[in-house]
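Novice: Below: one structure in structure tokens.
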Amino acid sequence: MAPPMSAGRFLDALRDEGLTVVEVGDWRTHNRNHKGPWGPVHGVMIHHTVTRGTANTVRICRNGHASLPGPLCHGVIAKDGRVHLVGYGRANHAGPGDDEVLRAIIAEQHLPPDNEATTDGNRHFYGFECENLGDGKDPWPKAQLEAIEKAAAAVCRVHGWTQRSVIGHLEWQPGKVDPRGFTMASMRERIAERLR
């Protein structure tokens, strides 16, 4: 069981991995902790935003919208590779997912199919939203893919996790398709190489 790292340690971990980090407002205390606990944490979840434009994407991920209040993640990974920190603590990003998937992540084993949504993922995952339309056509620039790799590796490094602790939203919750445009298997390979 891993308690979440402090906001300061999170920031340092991202910078130590070579990322350019943009701190957005009161990100260190902007969270949904009043809705339930955050932690123990078991992994990192990667999403795509279905938005265009970095400023617009960061605003939506920080503030949320009428049916889903923000923050919608901890960090927004922009097309240029910068990571915009918009919240820290419980965030509305993972939603309910499969308890068997969570057990596999904790054990760092092969993921089973996600076929139910019974477990609170917002409690257990760090979340990165990645600026992309999610249509399978919008490109993933090299700088952005490298930033996803580095951000996930940074969190894994602090907690002593392997690449098996990094999943896509589509591997957690039935019906989700994100991230679309690269495979999580290929991203985990990149993360494993970085952690070596």
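The values are calculated or read from the model by the stated rules, or taken from the named source; none is laboratory data. Note that the structure is a prediction, hence the values are computed from the model and not measured. Quick reminder, even Gly has a Cβ in these numbers, built from the backbone with ideal geometry, and neighbours come from all protein chains shown. All accessible areas refer to the heavy atoms of the entire protein, side chains included, with ligands and DNA or RNA removed. Shrake-Rupley method; radii C 1.70, N 1.55, O 1.52, S 1.80 Å.
Novice: Quick check on my filter: what residues within the range 165-193 are over 12 Å from the mean Cα position of the chain (by Cα), in contact (Cβ under 8 Å) with a residue 60 or more places away in the chain and assigned to a helix (DSSP H, G or I)?
Specialist: Within the range 165-193, Glu171, Met184, Met187 qualify.
Novice: Tally the residues that are touching a residue at least 24 places away in the same chain (Cβ under 8 Å), open to solvent by less than 40 Å² (accessible area, probe 1.4 Å) and farther than 15 Å from Ile46 by Cα, restricting the search to the range 112-158.
Specialist: Summing the residues that are touching a residue at least 24 places away in the same chain (Cβ under 8 Å), open to solvent by less than 40 Å² (accessible area, probe 1.4 Å) and farther than 15 Å from Ile46 by Cα in the range 112-158 gives 2.
Novice: A follow-up question, please. If I filter the range 2-43 down to residues being hydrophobic (A, V, I, L, M, F, W, C) and within 15 Å of Asp120 (Cα to Cα), which single residue comes out as farthest from the chain's Cα centre (by Cα)?
Specialist: Going through the qualifying residues, I end up with Trp38.
Novice: A follow-up question, please. Mind counting the residues in the range 1-47 that are in contact (Cβ under 8 Å) with a residue 60 or more places away in the chain, more than 26 Å from Leu170 (Cα to Cα) and polar (S, T, N, Q)?
Specialist: Within the range 1-47, residues that are in contact (Cβ under 8 Å) with a residue 60 or more places away in the chain, more than 26 Å from Leu170 (Cα to Cα) and polar (S, T, N, Q) number 2.
Novice: Just to be sure, is Arg9 among the charged types (D, E, K, R) and either at pLDDT below 95 or within 26 Å of Val177 (Cβ to Cβ) (or both)?
Specialist: Judged against the criteria, Arg9 is not a match.
Novice: Could you check the range 140-164 and list, in sequence order, the residues that are farther than 23 Å from Thr119 by Cβ and part of a loop (DSSP other than H, G, I, E, B)?
Specialist: Trp140, Pro141
Novice: Continuing with the same structure: Tell me, which residue of the range 159-195 that is closer than 25 Å to Asp12 by Cα and of a type in the set (Gly, Ala, Ser) is most open to solvent (accessible area, probe 1.4 Å)?
Specialist: Gly160
Novice: Shifting gears a bit: Report, by residue number, each residue of the range 13-41 that is of a type in the set (D, E, K, R) and either in contact with a helix residue (DSSP H, G or I) (Cβ under 9 Å, 6 or more places away or on another chain) or closer than 26 Å to Ala55 by Cβ (or both).
Specialist: Selection gives Arg15, Asp16, Glu17, Glu23, Asp26, Arg28, Arg32.
Novice: Restricting to the range 85-111, count the residues that are of a type in the set (S, T, N, Q) and surrounded by 14 or more Cβ atoms within 10 Å (Cβ to Cβ).
Specialist: Selection size over the range 85-111: 1.
Novice: Any idea which residue in the range 36-58 is surrounded by the most Cβ atoms within 10 Å (Cβ to Cβ), counting only those that are out of contact with any Pro (no Cβ under 9 Å at 6 or more places or on another chain) and farther than 12 Å from Glu129 by Cα?
Specialist: Step by step, filter the range 36-58, then rank; the result is Gly43.
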